[in-house]
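Written out below as structure tokens is the structure these notes cover.
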Amino acid sequence: MLDLFLESGIDVLIGIDPVEGTHTDTPVLKRKIGDRICLWGGVSGSNTVEIGDEAAVRTAVASAIETLGPNGFILSPVDNVRIDEPKAWRNIDVFLDEWKLRRGS
């Protein structure tokens, strides 16, 4: 499908989920299309941010940035965070903290 995405002329591929994605090989995505199509996602919202621990969130953010970034990449939880519980809110803070540590500015 990556070749079809390239041929289509799309600007952004949204929903790059390394946990719940179907055959999501992030290094292959970046290598094959990442210089021509923006990649958006990188962290599982439901499995990592909603129910993971702090270490899992930090590892996922670091891995996403290292594998899919730094250019042509929008870091976000895929699809989103839907659970309104203290753990999820804490993990959102951890997500943002790790992003700030690694964003390079």
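Read the figures in this text as sums done on the coordinates, not as results from a lab. Since we're looking at a predicted model, the values are computed, not measured. Don't worry about glycine lacking a Cβ; one is built from the backbone with ideal geometry, like all the others, and counts go over all protein chains shown.
Annotations for the structure displayed:
- Convex hull volume per residue in cubic angstrom - Cα atoms of segment 51-105: 75 Å³
- On Cα atoms only, tilt of 86-102 relative to the major axis of the chain in degrees: 50 degrees
- Entry note, the chain: relative contact order of 29 percent, from Cα contacts under 8 Å with a spacing of 6+ residues.
- Stokes-Einstein D in µm²/s, Kirkwood radius over Cα pairs - the chain at 25 °C with 0.890 mPa s viscosity: 177 µm²/s
- Compactness of segment 34-74, taken as the C-alpha radius of gyration over 2.2 N^0.38 Å, stands at 1.22.
- Under 5 Å between amide hydrogens, built in the peptide plane, is the criterion, and for Ile16 it picks out Trp40, Gly41, Gly42 among residues at least 5 positions away or on other chains.
- Estimated distance in nm for a label pair at Cys38 and Trp89, the labels positioned 7 Å out from Cα along Cα-to-Cβ: 3.0 nm
- Surrounding net charge for Gly41, when Lys and Arg each add one and Asp and Glu each subtract one, Cβ distance under 13 Å: -2
- What the phi angles of segment 50-62 give under the Karplus curve with 6.51, -1.76 and 1.60, with θ = phi - 60°, is a coupling list of 6, 10, x, 9, 4, 4, 5, 5, 4, 5, 5, 5, 4 Hz, glycine and proline written as x.
- Segment 58-105 versus segment 1-23: alpha-carbon centroid distance in Å: 19 Å
- Burial ranking of peptide ranges 85-93, 32-40, 19-27, 57-65 (average Cβ count within 10 Å, highest at the top): 57-65, 32-40, 85-93, 19-27
- Which of Ser63, Gly52, Trp89, positive extreme of dipole for segment 35-95 (C-beta unit charges): Ser63
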